[in-house]
Number of protein chains: 2
Amino acid sequence: MTGSAALFTDRYELTMVDAALLDGTAHRESLFEAFARRLPDGRRYGVVAGTGRLLELVERFRFGDDELEFLRAERVVRDETLDWLADYRFRGEIWGYREGEAYFPGSPLVTVQGSFAEAVILETLVLSVLNYDSAVAGAAARMVSVALGRPIAEMGSRRANERSAVAAARAAYIAGFDATSNLEAGRRWGIPTMGTAAHSFTLLHDSEEDAFRAQVEAMGPGTTLLVDTYDIRAGVETAVRVAGTGLGAVRIDSGDLPTVAAAVREHLDELGAVNTRITVTSDLDEHAIASLASAPVDAYGVGTSVVTGSGFPAAGMVYKLVARRGEDGAWVGVAKASTSKTSVGGRKNAARRIDATRTAREELVYVGDGPGGEDEFAADDRLRPLMVHLMHEGEADAAHVGPAGVRAARAHRAEVMQELPIEAFRLGRGEPVIPTTYR
Amino acid sequence: MTGSAALFTDRYELTMVDAALLDGTAHRESLFEAFARRLPDGRRYGVVAGTGRLLELVERFRFGDDELEFLRAERVVRDETLDWLADYRFRGEIWGYREGEAYFPGSPLVTVQGSFAEAVILETLVLSVLNYDSAVAGAAARMVSVALGRPIAEMGSRRANERSAVAAARAAYIAGFDATSNLEAGRRWGIPTMGTAAHSFTLLHDSEEDAFRAQVEAMGPGTTLLVDTYDIRAGVETAVRVAGTGLGAVRIDSGDLPTVAAAVREHLDELGAVNTRITVTSDLDEHAIASLASAPVDAYGVGTSVVTGSGFPAAGMVYKLVARRGEDGAWVGVAKASTSKTSVGGRKNAARRIDATRTAREELVYVGDGPGGEDEFAADDRLRPLMVHLMHEGEADAAHVGPAGVRAARAHRAEVMQELPIEAFRLGRGEPVIPTTYR
């Protein structure tokens, strides 16, 4: 796999560049916008994720010898265009919503300004990152809101492509998960990692007791023992016998969880292990977590449902040319017109209207204004500006990238969730919790 | 992103290795098996994909300085275990189904044999690759079977994580797609790439006619012109005026496709462009493709639905310890026993029973036998052996990796599809088209 992001690109982007270089339109200053026409069916809000990853990938978007040689051999573009690609790096501007921000239909999440050629070429990359990461974050946020403060760990790496898994761990953490099983997510993004043992570890040993002894020997009694390989009741008894009443936690990965958790809690208490926690991890999604609210569960581990967006594995964002500069230097809004797949043309700015109780009431999208921040809305404290300057002349704002960007995004999401109307957190299907108004 | 695959791993795999090294059980020879307990709900067959990618990733699975430093800093394992990891490379055996093979519940798709420590550590990687790639291939195969020989291109990169997109293009191609829009999939795996222009290219220009002229200038009249940016009828007329009746194709990306395709075909014929093809690309899945069977459509482009497994973005495979060697050297089957999530323990071999009409009738899984190939079934030509030796002493069989492996997998899939009972290709929900029998 190449280190460059330049071929994570649909062929048509390069053929468009090729044709536009030939007729000179490639250099027209253009503004592309990534947005979602709608939220996943029935969801009340979305959570932006991927922005920090995207900025890093855009900075690394270069055509090296391997990439150019492939394009030459396949005759994807003319030789003159290969020379242009060899010199390519993005030198434009990117504005957008902070990572971790809530979003609604039409929210201008990422706005890319540059020549047509330099901005169109990023289409696939922008969408791949935002569509997947925001799908995970949107699902994860729902799980966090129904977990009622109990910690949740992301354990779905095995249910996602090996590299998606790293992005999923990152997006889930931004959305409020507390840890991940994925080690690369720990190394690359500074996310806390967790995990102790699988059923195979018990089956490897001659008895469950041997397995528990080995684990406690290596990891101490504060570890989490998996008690459901054979008989759960016997497993709990063995676990406490081996680790003592100071056993950190037991994990249950099967069975009817509310019933099993109640029985295990009672049994642990009988055995004196009153501080031993119970972690459950069997095919959980937001609905299963909600149904465990009154069960004596201390922590959740979530796999498949979070890394696959809980039914919506892509967030449905599109990347559209919304404006280009005319010959007089003025911006001209453009939009496809033929069908229901319409977009609102024009440069945009956005703010969220907040009422006196600090509750969000409306997503305001200002058509015709350029993107901007604090200044535009300083006069009105009921308007929270949503667009920040993410990249200037091809250089990412350091606040949004790397592990620090992840921490900032997670903190921002926590604040934003406080601001959403309470109906946002109902699991049932409904409309976006605030309307989007174009001005 | 690291070049090694070693941290695409759940933390518990390393803590299990740590504990098992401490009590000596790490060296017990073990056999892990990847299989699916069931097919995605209502599907009649699955298609194995990812095997070739997996073999390459296993060969590259090494802990370098960056990875070891992270594990040391995080105190994931003891120092002695770090030394063991520093020396790690997989030196064991892998057998399994050929990539492109059909599979059913319980089919032993990948079998990994080695010490417990060297085999358990691959758990997440094996599952990440097989679960995603097979999810895509299973969905893609259904689309191919209802396309009735019309070519299908994979165009879903923007709806999947940027690196998943490359794997998705590969899996779809193995399942019978003809091309991809993803350039990295072309470079890395030798898959034909395609694509011409988006709506933004038309909107960039002062008129649709200018845009078409620019594209034809750069790519010749054999190109595909996107005709639905404004009015489709006017778009078709402009396209033929600009490119001539030798225009290669028009693409339609919106509207009620059966109606629109019929109108466009009639219009093209009126204009004398009788050989100009029609490509459609708007939110297609297997059901939409099937409903276009009688429409005058020449080619399909499929995005979201194929890269997200058309409703099932993970194939549901698990990786279980099924046998380990006892102190007497004999294999002992093992399996979790507590709940409904049961597995069948023991080493396994597999063959498909084929009747006199060359139709598959039964998936036979031989429990207790080791995996093997031709020899075991040579005496009975009604049994097609399913397991091949994919990796020996840590080295992949060259026939299964790289672009050549992809071509072989695609060819194998085409043969296997011929062999499935015709009911396999019904889109409606049903049972697996052949039963799995354990012997």
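Taking θ = phi - 60°, what integer Hz values does the Karplus form 6.51 cos²θ - 1.76 cosθ + 1.60 yield along the stretch B:188-198, in sequence order, with x for Gly and Pro?
Karplus-based 3J(HN,Hα) across the stretch B:188-198 equals 7, 10, x, 8, x, 10, 8, x, 10, 7, 10 Hz.
Run the label-point distances for B:ASP65 please: 7 Å along Cα to Cβ, every other copy, nanometres, shortest first.
Output for B:ASP65: 2.4 nm, nearest copy listed first.
Can you give the FRET efficiency to the nearest 0.05 for B:ALA262 and B:ALA356, using r as the Cβ-Cβ distance and R₀ = 45 Å? Working shown, then result.
Values: r = 44 Å, r/R0 = 0.97.
The value I calculate is 0.55.
With both bridge residues required to lie in chain B, what share of the DSSP beta bridges run antiparallel, to the nearest 5%? Numbers along the way, then the final one.
Numbers: 38 of 56 bridges.
Percent antiparallel among DSSP bridges in chain B is about 70.
Going 7 Å from Cα along the Cα-Cβ axis for the label, what nanometre distances separate A:ARG358 from the same residue across the other copies?
Label-point distances to the other copies, shortest first: 7.3 nm.
Could you size up the charge dipole of the protein assembly as shown around its Cα centre, putting +1 on the beta carbon of Lys and Arg and -1 on that of Asp and Glu, and report it in debye to the nearest 20? Intermediate results must be reported in sequence, preceding the final value.
Working: 96 positive and 126 negative charges, 335 e Å.
Once rounded to the nearest 20, the dipole reads 1600 debye.
Expressed as a whole number of Å, what is the distance separating the alpha-carbon centroids of the stretch A:183-205 and the stretch B:245-295?
Measuring centre to centre over Cα atoms gives 51 Å.
Can you list the HN-Hα couplings for the stretch A:352-368, worked out from phi with the Karplus curve (6.51, -1.76, 1.60; θ = phi - 60°), rounded to whole Hz and with x for Gly and Pro?
Values, residue by residue: 10, 7, 10, 8, 5, 8, 6, 10, 5, 10, 7, 9, 9, 10, 8, 8, x Hz.
Averaging the inverse of every distinct alpha carbon separation and then flipping it gives the Kirkwood radius. What is it for the stretch A:196-297, in angstrom units?
Details: mean 1/r = 0.0740 Å⁻¹.
Computed over the stretch A:196-297, the radius equals 13.5 Å.
Please report, in debye to the nearest 20, how large the charge dipole of the stretch B:368-439 is about its Cα centre when each Lys and Arg carries +1 at its beta carbon and each Asp and Glu carries -1 there. All intermediate terms of the calculation are to be shown ahead of the outcome.
Numbers: 8 positive and 13 negative charges, 115 e Å.
For the stretch B:368-439, the charge dipole is close to 560 debye.
By the gyration tensor of its Cα atoms, with a ≥ b ≥ c the square roots of the eigenvalues, what is the shape of the protein assembly as shown: rounded for a/c under 1.5, prolate for a/b over b/c, or oblate? Could the numbers behind the result be given before it?
Details: a/c = 1.94, a/b = 1.33, b/c = 1.46.
Verdict is oblate for the protein assembly as shown.
Step through the residues of the stretch B:289-306 one at a time and calculate ³J(HN,Hα) from phi using the Karplus curve (6.51 cos²θ - 1.76 cosθ + 1.60, θ = phi - 60°), rounding each to whole Hz and writing x for Gly and Pro.
Running phi through 6.51 cos²θ - 1.76 cosθ + 1.60 with θ = phi - 60° gives 5, 4, 6, 9, 4, 9, 7, x, 10, 9, 7, 10, x, 10, x, 2, 5, 7 Hz.
Quick one: check the C-alpha center-to-center distance for the stretch A:10-54 versus the stretch B:366-439, whole angstrom.
A separation of 41 Å, based on Cα centres.
Tell me, A:TYR45, B:TYR88 in order of fewest to most beta-carbon neighbours within 10 Å? Present the calculation step by step, with values, prior to reporting the outcome.
Numbers: A:TYR45 22, B:TYR88 16.
Sorted ascending by nearby Cβ count, the order is B:TYR88, A:TYR45.
Would you please classify the overall shape of chain B from the alpha carbon gyration tensor, given that a ≥ b ≥ c denote the square roots of the eigenvalues, rounded means a/c under 1.5, and beyond that prolate means a/b larger than b/c while oblate covers the rest?
On the way: a/c = 2.87, a/b = 1.76, b/c = 1.63.
Prolate shape, in that a/c is at least 1.5 and a/b is the bigger ratio.
Report the FRET efficiency, 1/(1 + (r/R0)^6), for B:GLN418 and A:VAL318, where r is their Cβ-Cβ distance and R0 is 35 Å, rounded to 0.05. Write out the running numbers ahead of the final one.
Details: r = 39 Å, r/R0 = 1.12.
So, using R0 = 35 Å, E works out to roughly 0.35.
For the stretch A:71-101 and the stretch B:104-174, write down the distance between their C-alpha centroids in whole Å.
29 Å
Run through the other copies and list how far each one's label point is from that of B:ASP23, in nm with one decimal, shortest first; the point sits 7 Å from Cα along Cα-Cβ.
7.2
Rounded, prolate or oblate: which one fits the stretch A:365-439, using the alpha carbon gyration tensor with axes a ≥ b ≥ c (rounded when a/c is under 1.5, else prolate when a/b beats b/c, else oblate)?
Numbers: a/c = 2.07, a/b = 1.23, b/c = 1.68.
Here the stretch A:365-439 falls in the oblate category.
Which is farthest toward the positive dipole end of the stretch A:317-435 among A:GLY372, A:LEU427, A:ASN349, measuring Cα position about the Cα centre, with Cβ charges +1 (Lys, Arg) and -1 (Asp, Glu)?
A:LEU427
Return a single number: how many Lys pairs in the protein assembly as shown, at a sequence separation of 8 or more or on separate chains, have alpha-carbon atoms below 25 angstrom apart. Working shown, then result.
Numbers: A:LYS320/A:LYS336; A:LYS320/A:LYS341; A:LYS320/A:LYS348; A:LYS336/A:LYS348; B:LYS320/B:LYS336; B:LYS320/B:LYS341; B:LYS320/B:LYS348; B:LYS336/B:LYS348.
Lysine pairs meeting both conditions in the protein assembly as shown amount to 8.
Once amide H atoms are placed 1.01 Å from N in the peptide plane, what residues at a sequence separation of 5 or more from B:GLU362, or on another chain, have their amide H within under 5 Å of its amide H?
Residues meeting the amide H criterion: B:ARG353.
With +1 on each Lys and Arg Cβ and -1 on each Asp and Glu Cβ, and nothing else charged, work out how big the dipole of the stretch A:196-297 is about its Cα centre, in Debye to the nearest 20. Each step should come with its number before you reach the end.
Details: 6 positive and 16 negative charges, 65 e Å.
Roughly 320 debye for the stretch A:196-297.
The numbers here are math on the coordinates, done by the rules we state, and not lab data. What you see is a predicted model, and the numbers here were worked out from it, not measured in a lab. Here the Cβ is made from the backbone with ideal geometry for all residues, glycine too, and neighbour counts use every protein chain on show.
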